[in-house]
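Shown next, in structure tokens, is the structure this report addresses.
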Amino acid sequence: MKNSNFPRLIAATTFTLIGSTAWAQDATSQVQLFGSVAVSALRISVNNNEASSTKLISGPWSGPSVGMQGSEDLGAGLKANFRIEHGVDASDGSRGQTAVAQAKAFDKAAWVGIGNQTVNLTLGRQINAGIDRIATTMDLFQASADGRQILSILAINGTNTFGSFDTRVDKSAKVRVNAGNGFNGSLSIAREVPGTIAGNSYAVDFGQNTSQYGIGAYYMNYDGAGARVDFSQRTWGVGGNYDFGVVRAYLQYMDARHDKSPFGATQQHDKVWGLGLAAPLSQAFTLKAAYYLDHSDSVGGKSQGGNRNTAILMGDYALSKRTTIQSGVYRNGVSGAFSSDPFAVAVNALVGIPAGSTAATNFLVGLTHRF
């Protein structure tokens, strides 16, 4: 998508919104402080106790954060809105950062918008349209849309691998349309960031969400910046969820093509399946389970295959509307070329598998408070 489309998208949407209503003389506004604090005791076992450790960590089921959001009523259904949010490492008090420790003052959100019940335009640092769809419709654990927490291999393929595995996109514009009866969709566009290799990107999604079910699809495109345009990533996916009463089931498929030729890892093609189940066993206790399988026939651009897999089991007990206890286990494993290819081994560290190992099991119990 050419850069010239970026300002045209903004201008067209803004004039459409402004033209839909008259200026309000007495606008009302509201600002809300929100956030969460979560700390867990983590026991790590690598390759069946070959190496193990215990420590306190921030999260990881959700990313602790502090933020402000607000809106101003401009009249006739039109509102201005904003959100700024930064992550917090609740175990040591350090500020938010991306998955590979890229510091950000507001790593989770920094955007301003204008819209009504049908169309909303937002500008700034935000989740792109594709990750929006995964988080709201397809994935029980939201593909790490909470921030830097990466529990599974789904997040590795769903984020921009050329922008520090970031779950957000800088310098972006996003238009979301709600067509009624649960039908909705969006388009997001981001310009290249000077001095980085994040490049240009765009994403589109559409689907339907109701209290009974959700279904949708998305497409995400990333291109490297400047002379490095041979960096590219194309990801699409379909999936949804359905409430059977005793359990809500999630199913999805992701197809990701990565071209990292400057790194010597060309045209890797990942096929990822995800399954999730959420069972409310009582008013206070919910049991959640998920499994993800990532298969590639061309790891590192070579004719060698490999698998990454993740299994997650977590119980969530609500002490109140704001405070919960979480306890669970998640295991990440690799096989074939995913355990030997140099680039793949480096990526494995993001889900806790150190070089020379093929699996890591994490046992956690933690406390979360939301405000």
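The values are calculated or read from the model by the stated rules, or taken from the named source; none is laboratory data. Keep in mind that what you see is a predicted model, and the values were worked out from it rather than measured. Don't worry about glycine lacking a Cβ; one is built from the backbone with ideal geometry, like all the others, and counts go over all protein chains shown. In case anyone asks, the SASA skips ligands and DNA or RNA and just uses the protein heavy atoms, side chains included. Shrake-Rupley method; radii C 1.70, N 1.55, O 1.52, S 1.80 Å.
Observations, loosely collected:
- Looking only at segment 262-275, and only at residues there that are touching a strand residue (DSSP E or B) at 6+ places or on another chain (Cβ under 8 Å) and modelled with pLDDT under 95, the one that is surrounded by the most Cβ atoms within 10 Å (Cβ to Cβ): Q268
- Residues in segment 128-142 that are in a helix (DSSP H, G or I) and over 17 Å from S65 (Cα atoms): A129, G130, I131, D132, R133, I134, A135, T136, T137, M138.
- Evaluation of P280 against the conditions (1) open to solvent by less than 60 Å² (accessible area, probe 1.4 Å); (2) more than 23 Å from the chain's Cα centre (by Cα); (3) over 18 Å from S62 (Cα atoms) shows that the sole unmet condition is (1).
- Note on segment 283-307: among residues that are buried (at least 17 other Cβ atoms within 10 Å of the Cβ) and within 22 Å of P354 (Cβ to Cβ), the one that is modelled with the lowest pLDDT is G300.
- Hey, T310 modelled with pLDDT of 90 or more, open to solvent by less than 60 Å² (accessible area, probe 1.4 Å), closer than 25 Å to I131 by Cα and in contact with a Pro (Cβ under 7 Å, 6 or more places away or on another chain) or not: no
- Test result for V31, part of a strand (DSSP E or B), among the aliphatic types (A, V, I, L, M), at pLDDT 90 or above and loosely packed, with under 13 Cβ neighbours inside 10 Å: yes
- Scanning segment 342-356 for residues that are open to solvent by 10 Å² or more (accessible area, probe 1.4 Å), part of a loop (DSSP other than H, G, I, E, B) and either in contact with a strand residue (DSSP E or B) (Cβ under 8 Å, 6 or more places away or on another chain) or in contact (Cβ under 8 Å) with a residue 60 or more places away in the chain (or both) yields G352, P354.
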